[in-house]
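Bear in mind that the values in this text are calculations on the coordinates, not laboratory data. All values derive from a computational prediction rather than experimental measurement. Neighbour counts run over all protein chains shown; Cβ positions are idealised from the backbone, glycine included.
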Amino acid sequence: MGSRVKPGVVQELARYGGDTVPTCFNCGNCTAVCSLSKDDTTFPRKYIRYMQLGLEDKMTTSLEPWLCYYCGDCSDTCPREAEPGELMMASRRWLTSRYDWTGLSRLMYKSEAFEIFMLVLVAVVVLLLFTLPSNYGFKLLSQHPEALTTVNMEAFAPLHLTHYGDWVVAALLGFLLLSNAARMVFMVMRGSGAPLGAYITEFKEVIIHLLTQKRWSECTSNTAKHWVRHIFLVTGYATMFILVVIFLPWFQRPDANFHWTSLFGYYGTVVLLAVTLWMIADRMGKKDQIHKHSELSDWLFPLLLFLTALTGILMHAFRLLGLPMPTYVMYLIHLMVAVPMLVIEVPFGKWAHLLYRPLAVYLTAVKRHAPARLGAMAPALSRPDH
């Protein structure tokens, strides 16, 4: 089946950080040194060739950019300094914008000002929720003067309303992320002919790679550092998300008393603060190939997570110290950071790779069951060895 060439793809990719596409002369050195490039998933060479030729349909239906973990070996050894690792990163940004049915990802990646505007917009909405309704936030606090001298979260952010709000945010987040993931599956698997049974038997790959990202351990450069750091980051983030969305009635205490659920919060906070600071320091130092080039989305990923953890622990400290107004104000600031991060960055920004990458490993496994692929392999399997 032929592929349509789309002029302007190279110029478009430059806006996603892939401005070295013309530099590559497709020697194949990047694929040769990549420890993850094997069997039927040979990258980055093939995908970069798609970029150069403007084969947008092949780019959109390919899973190979998600199978790259950006160890940097390909860029370190590229004779043309074409930065193939960064081109894979740019292609992931580009693919994220293609999966997104709302078009927000495309606007955010092409305009840093628009991305910041969207974050500020959601933060302002959170601020208004605490200032406009008479039964919530600062207006509710004015009805309980005793809450100005003693911490009383129920007089500022009633638990039942806050819990419903968390569910709304979680539902919105889930809908946006899963609907975009569904578009990814449709684009990639349309016409593949993979049997339904393969989708079921291979589904374990999603769970395994979502929880462990174990393919990262096969990379040859900085494997332990990046893999272990990522595992801690995921556990810290997941701990805080579960505490807030599921166990909030126990986690959000109305007074200044300590509760055992805070221990899990301490783990999540310490991990998020330590790991994000580590990531920020690496990105500032630019020692590793993976950190030499940074887009706004690369900075927002650790910065927003760091600020979420920092404001959360400060609010908790103010509450334990019995400081009412600092507790309420910091609680609001915490939500003005966390909610935009969840609603904007997770489904539309770099955070989306947490789902797209495991999904890509899964779909790659499913594709291997497709009749067309099995038929193509038959002659090779039956050919006698010489």
Worksheet item: For region 50-95, list the helices (runs of 4 or more DSSP H) that sit wholly inside it and hold at least 1 residues that are under 17 Å from V188 (Cβ atoms) and under 23 Å from the mean Cα position of the chain (by Cα); which are they?
Response: 56-61, 64-67
Worksheet item: Quick one: would you say T60 is surrounded by fewer than 21 Cβ atoms within 10 Å (Cβ to Cβ), farther than 30 Å from K225 by Cβ and touching a helix residue (DSSP H, G or I) at 6+ places or on another chain (Cβ under 7 Å)?
Response: yes
Worksheet item: Taking helices (runs of 4 or more DSSP H) that do not extend beyond region 126-214, which have at least 1 residues that are closer than 18 Å to A360 by Cα?
Response: 159-189, 196-201, 204-212
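Can S262 be described as among the small types (G, A, S) and over 27 Å from D166 (Cβ atoms)? Give the derivation first.
Values: among the small types (G, A, S): yes; over 27 Å from D166 (Cβ atoms): no.
Taking the combined requirement at face value, the residue does not satisfy it.
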Fill in: Of all residues in region 282-297 being outside any loop (DSSP other than H, G, I, E, B) and charged (D, E, K, R), the one that is surrounded by the most Cβ atoms within 10 Å (Cβ to Cβ)
R283
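Yes or no: region 179-194 includes at least one residue that is farther than 30 Å from W351 by Cα and not polar (S, T, N, Q).
If we filter region 179-194 for residues that are farther than 30 Å from W351 by Cα, which is where we start, we get 193.
This time we only want the ones that are not polar (S, T, N, Q), so: 193.
Scanning region 179-194, I find at least one residue that is farther than 30 Å from W351 by Cα and not polar (S, T, N, Q), so the answer is yes.
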Discussion item. Take the residues in region 101-114 that are surrounded by fewer than 24 Cβ atoms within 10 Å (Cβ to Cβ) and touching a residue at least 60 places away in the same chain (Cβ under 8 Å); name whichever of them is nearest to N26 (Cα to Cα).
Written reply: K110
Worksheet, complete the sentence: Going through region 326-351 in order, the residues found to be closer than 17 Å to R93 by Cα and small (G, A, S) are G349
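Can you go through L314, L335, L359 and tell me which one is in a helix (DSSP H, G or I) and within 19 Å of A182 (Cβ to Cβ)?
On inspection, the qualifying residue turns out to be L359.
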Worksheet item: Of the residues that make up region 19-36, is at least one in contact with a helix residue (DSSP H, G or I) (Cβ under 6 Å, 6 or more places away or on another chain) and of a type in the set (F, W, Y)?
Response: no
Item to complete: Considering each of F186, F203, F247 in turn, give the residue that is hydrophobic (A, V, I, L, M, F, W, C), exposed (fewer than 15 other Cβ atoms within 10 Å of the Cβ) and in contact (Cβ under 8 Å) with a residue 60 or more places away in the chain.
Response: F203
